[in-house]
Amino acid sequence: MSPNTTDSRWFDFRLDVAAAVIGLILGLLMVPLRFLASQVYIETIPIVLALACLLYLISVRVSNTADFPTLTPTLTRLLPSVAFLGMAAMVVVAVHQSRSLLFHYLAVWTGMVVLAQVVFADERDYHVSLLLAQVLVFGLVVRLAGAFTAPGYVGIDIWTHAGNWSPAIKEANSLAPINTKKYYASPLYHLLVAVGSQLLGVTIRQSLILTVGIPIALSTILVYATANVLVEQRWAVFAAAIYTLSGNVIEWGIHLIPTGLGLVFYIAIIYALTRIMSTSYNIRDFLLVVVFSVAVILTHQISSFIMLIFVGAGLVAKVLLSTGLLRPVRTAGLGEQVRDTTNLTGLLVFDLGLITFMWSLTPYRGSSFLETMLSFFANTLQESAGFLNLAGGSGGSANSAAITAGPTVMEKFIGYLDAMGLLLLLLITIAGSLYVLHRRRTSQVTVASIIAIVVMLVFIFGFPLFGIRTFVPGRWLAFVTVPMAIVGAIGVAYLASESPKGVAVALLLVFTLVYPPVTMLSSQGTLDDPAFDGVQTRYSYTENELDAVRTIANTTNTSQESSAPNDRLTTDHPYGTVFERAWEVNAEPVVIDNGSTTNETVVYREYAQSGAEYYQNGQGKPFQPKVQQEDLCRGYSVVYDNGDVAVCERSVSS
C-alpha cells in the first residue's frame, strides 16, 4: 500500500482530522456556558466552533465531484456596472444626507453585488483587477463618506488627537504640547497630521483624511497581496473583500485615531513577513519589516504589542515545525522540496528591545508607560479578576464603554448583529486552520497566523472572561481580522472545492447575503449615523451641537482641574467627551435618580429624546432613558438654547 493511500484514509491519524474531532467535542461541551452567563460571544462561539469542525469533517469524508454554480456571462459583465453605479449613488446620498439609512442600505446591496462577483464569477470571465478595484473603491466610499460628511470628527478619542493635540503641535512647531502624554514617545500620527496640514496648506481635518484616512482604506491592497501568496487570486480577492466589509475595520476608517494608522503598518508587517516566510527573499524584505516595526512603535502602543505577538508567533511556528509533528511531508512521486523555515529571533529581539526602551521613556500618569501598565495589570489580578467576571464586557463596539442592565429585545438583537460579522469570519477561520494542520499543507506562515489568531482571541475574549480588560480588547478586533481574513480565505477555498455541493453553495450564499448587512449595519460600522436609532449610539454631532460646545466652552470658567460641584458641567455620554477632550472643560455624566436630577448645570441635547446616549443613575451605573428637556430642567433656568442643545442652571435662590 502506498504512503499516499495510507495517509488519505479516514481511519489513519491525521492531525487536522483529530483537531476537528476535538474541536467538535469541545464546542458541544462549552454550549452549557450560556446558562452561566448571558453574553453574546459565550452563547455563540461554542456553536461556531462545533459547526466549523463539523463542516470540515464532512468535507474530509464526502468528496465533491459536482460542478460548482457560477454566474452567467451576461451577469458577470453586468454586475461591475451595477456595483459602480451603487457606489456612485452612495456618494450622492452622502453629499446630500450624510451616511443616512439610505446610504447604509445602498452599501449593503452594493457589498452583496461585489461579493457575489468575487465568489461566483466564472473562471473564464474572472478579472482580478476589476474586482479588486471594486473592493478598493467601495472601501474608500464607505469610510471617507463618514469622515468627510460629518460636521465634526467621529468618535471619542479623535477629539483629543485631532481636535486638541495635532493643532497644538502645528501651532507650536514642536512636541511640547504633548510632552507629558503617552504619545510623546509615539508621535508619528500627530506629526503626520500636523506636518501634512502645513505642507499641503489644508486644515487639520483635511490633512487627517489625506494622511491617515486614505491610507487606512487603501491598506486593503496589502491584505490581497498577503493572501495572494497563500491562495489563488479569487480567494485572495475574497480575503480583501471580507476585510474591507468588516465593521471592526470600518470603525477605524471613520474614527481616525492612531489605532487606524497602527493597523496600516501592522498589515504591512504581515505582508512582508509572509513573503519572507513563504518565498525567496533578500535583505530588502527584512529592512521593510524593520522600518514598519519602528513605524508601529512610533505610532501606537497597542499596535506595537499586537505586532510583537505576530512576530513571536512566527518564531514559535519555526520551533513547532522543527519538531517534525507539523513538518510538511514530501509527496511521493512529485519530488516536492520542503522549504526551510525562517528564523525570526533577531527581529523579535529587536522589536522587544525597542518597545521596552520606548515604553520606559513614555510618560503616562506620573510614571513610565511600562510601569503604569504593569501596575494596572497587577491591580486587576488582585482586585477584579475572577471567572465570568464580565462587567465591562469584552466587546469591540464603541458603545461598550457603558453597560445597561436588563437589555431589551432590540438591544439583544443589536448585540447579535454586532457580533455576527466576526462570528462568520471565525467560522471559516477555524476551517482554514484545520486545513493547514494537514502535514502536506503546513507552512511556517500559516502556522504563525493560526498561533497569532489564537493568542489574540485569548486577549480579546479569554482574559475578559476573568475580568481582565487591561489590554483594551475592543481595539484588537480590527487587528485579528487581518490574519483571520487570510486564513479564512484558505478555509473557504477548501470548503468550496471539497465540501458537498449543497453545503458549499449554502456557505458562500450566507457570506454573500448575510455578511454585508451585519457588518454595514453594525454599531462599529455606523458610528457616525447609526442604522438603529435609540439602540446604537451616535458618535458624531450636528452643527448645532458643535456650535453649542464652542459657545459653552468659551463662556464657562470650568476646567478639568476644577473639583467644586458648582464648577462642573453635566451632560450625556458621549457628548461630554467633546468638552473634555477638545476644550479641556470638566464635563461629567448627568445623574438621574428616581426621575429627577440634582445637578447644578445641565447641558441637554434634543438627541436624548430618541437617541442612545448614556446618563448615570443613583447607583453610579450608566443607563439610557429617553428624556425630555423639561425632565432634566424642571425648576432650572434655561440660559442657552440653540434648538438642539440647551443649558439649564439651578438658580441661586433654589
**OP:** Can you work out which of the residues in region 572-584 that are in a loop (DSSP other than H, G, I, E, B) and modelled with pLDDT of 90 or more is nearest to LEU632 (Cα to Cα)?
**Re:** ASP572
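Yes or no, residue by residue, for (1) in contact with a Phe, Trp or Tyr (Cβ under 6 Å, 6 or more places away or on another chain); (2) outside any helix (DSSP H, G or I); (3) among the aromatic types (Phe, Trp, Tyr):
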site: ASP67; (1), (2), (3): no, yes, no
site: THR70; (1), (2), (3): yes, yes, no
site: LEU78; (1), (2), (3): no, no, no
site: ALA89; (1), (2), (3): no, no, no
site: LEU102; (1), (2), (3): no, no, no
site: ALA107; (1), (2), (3): no, no, no
site: GLN117; (1), (2), (3): no, no, no
site: LEU144; (1), (2), (3): no, no, no
Original post:
Within the set of pairs 6 or more residues apart or between chains, which connect a residue that is more than 15 Å from VAL212 (Cβ to Cβ) inside region 248-275 to a residue that is among the acidic types (Asp, Glu) and in a helix (DSSP H, G or I) with Cβ atoms less than 8 Å apart?
Top reply: ALA272/ASP285; ARG275/ASP285
**OP:** Kindly establish whether VAL447 is β-branched (Val, Ile, Thr) and surrounded by fewer than 21 Cβ atoms within 10 Å (Cβ to Cβ).
**Re:** no
Original post:
ARG61 passes all but one of (1) farther than 30 Å from LEU29 by Cβ; (2) surrounded by fewer than 17 Cβ atoms within 10 Å (Cβ to Cβ); (3) charged (D, E, K, R); which number fails?
Top reply: (1)
**OP:** Would you point out which residue out of GLY335, GLY324, GLY366 is open to solvent by 70 Å² or more (accessible area, probe 1.4 Å) and either at pLDDT below 90 or of a type in the set (Ser, Thr, Tyr) (or both)?
**Re:** GLY366
Subject >> Residues that are aromatic (Phe, Trp, Tyr) and in contact with a Leu (Cβ under 7 Å, 6 or more places away or on another chain), drawn from region 148-186 >> reply: TYR184
**OP:** Taking VAL296 as the residue in question, decide whether it is in a helix (DSSP H, G or I), out of contact with any strand residue (DSSP E or B) (no Cβ under 7 Å at 6 or more places or on another chain), free of Cβ contacts under 8 Å to residues at least 40 places away in the same chain and buried (at least 24 other Cβ atoms within 10 Å of the Cβ).
**Re:** yes
Original post:
List the pairs whose first member sits in region 77-102 and is on the phi > 0 side of the Ramachandran plot, whose second member is not in a helix (DSSP H, G or I), and whose Cβ atoms are under 8 Å apart, counting only residues at least 6 apart or on separate chains?
Top reply: SER98/ALA150; SER98/ASP528; SER98/ASP529
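Per-residue answers, yes or no, for (1) open to solvent by 20 Å² or more (accessible area, probe 1.4 Å); (2) at pLDDT below 95; (3) in a helix (DSSP H, G or I); (4) in contact with a strand residue (DSSP E or B) (Cβ under 8 Å, 6 or more places away or on another chain):
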residue: LEU422; (1), (2), (3), (4): no, no, yes, no
residue: ILE453; (1), (2), (3), (4): no, no, yes, no
residue: PRO464; (1), (2), (3), (4): no, yes, yes, no
residue: ALA478; (1), (2), (3), (4): no, no, yes, no
residue: VAL482; (1), (2), (3), (4): no, no, yes, no
residue: GLY488; (1), (2), (3), (4): no, no, yes, no
residue: SER497; (1), (2), (3), (4): yes, yes, yes, no
residue: GLY502; (1), (2), (3), (4): yes, yes, yes, no
**OP:** Please name all residue pairs, on different chains or six or more residues apart, with Cβ atoms under 7 Å, provided the first residue is in region 104-122 and is open to solvent by 10 Å² or more (accessible area, probe 1.4 Å) and the second residue is among the polar types (S, T, N, Q).
**Re:** MET112/THR512; ALA116/THR512; PHE120/THR70; ASP122/THR70; ASP122/THR76
Original post:
Of all residues in region 262-292 being under 20 Å from ILE221 (Cβ atoms) and among the small types (Gly, Ala, Ser), which is most open to solvent (accessible area, probe 1.4 Å)?
Top reply: SER278
Original post:
Which condition breaks for VAL193 when tested against (1) open to solvent by 10 Å² or more (accessible area, probe 1.4 Å); (2) part of a helix (DSSP H, G or I)?
Top reply: (1)
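Let's see how each residue does on (1) crowded, with 24+ Cβ neighbours inside 10 Å; (2) assigned to a helix (DSSP H, G or I):
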| residue | (1), (2) |
| --- | --- |
| THR180 | no, no |
| LEU208 | yes, yes |
| THR211 | no, yes |
| ALA217 | yes, yes |
| TYR243 | yes, yes |
| ASN248 | yes, yes |
| LEU256 | yes, no |
Original post:
Which number in (1) modelled with pLDDT of 95 or more; (2) in contact with a Ser or Thr (Cβ under 8 Å, 6 or more places away or on another chain) marks the one condition that ALA150 misses?
Top reply: (1)
**OP:** Go through region 39-66 and count every residue that is closer than 16 Å to ALA496 by Cβ, modelled with pLDDT under 90 and not small (Gly, Ala, Ser).
**Re:** 4
Original post:
Restricting attention to region 221-241, and to residues there that are surrounded by fewer than 24 Cβ atoms within 10 Å (Cβ to Cβ) and β-branched (Val, Ile, Thr), which single residue is nearest to ARG475 (Cα to Cα)?
Top reply: ILE221
Original post:
Considering ASN642, ASN617, which residue is under 19 Å from ALA553 (Cβ atoms), open to solvent by 30 Å² or more (accessible area, probe 1.4 Å) and not β-branched (Val, Ile, Thr)?
Top reply: ASN642
**OP:** Would you check which residues across region 162-178 are open to solvent by less than 10 Å² (accessible area, probe 1.4 Å) and touching a residue at least 40 places away in the same chain (Cβ under 8 Å) and list them?
**Re:** ALA162, SER166
**OP:** Collect the residues in region 586-595 that are farther than 17 Å from ALA646 by Cα and either among the small types (Gly, Ala, Ser) or at pLDDT 90 or above (or both), keeping them in residue-number order.
**Re:** GLY595
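The values are calculated or read from the model by the stated rules, or taken from the named source; none is laboratory data. Remember, predicted model here, so these are calculated numbers, not experimental data. We place every Cβ from the backbone using ideal geometry, glycine too, and count neighbours over all the protein chains shown. Heads up: the accessible areas ignore ligands, DNA and RNA and are worked out on the full protein's heavy atoms, side chains in. Shrake-Rupley method; radii C 1.70, N 1.55, O 1.52, S 1.80 Å.
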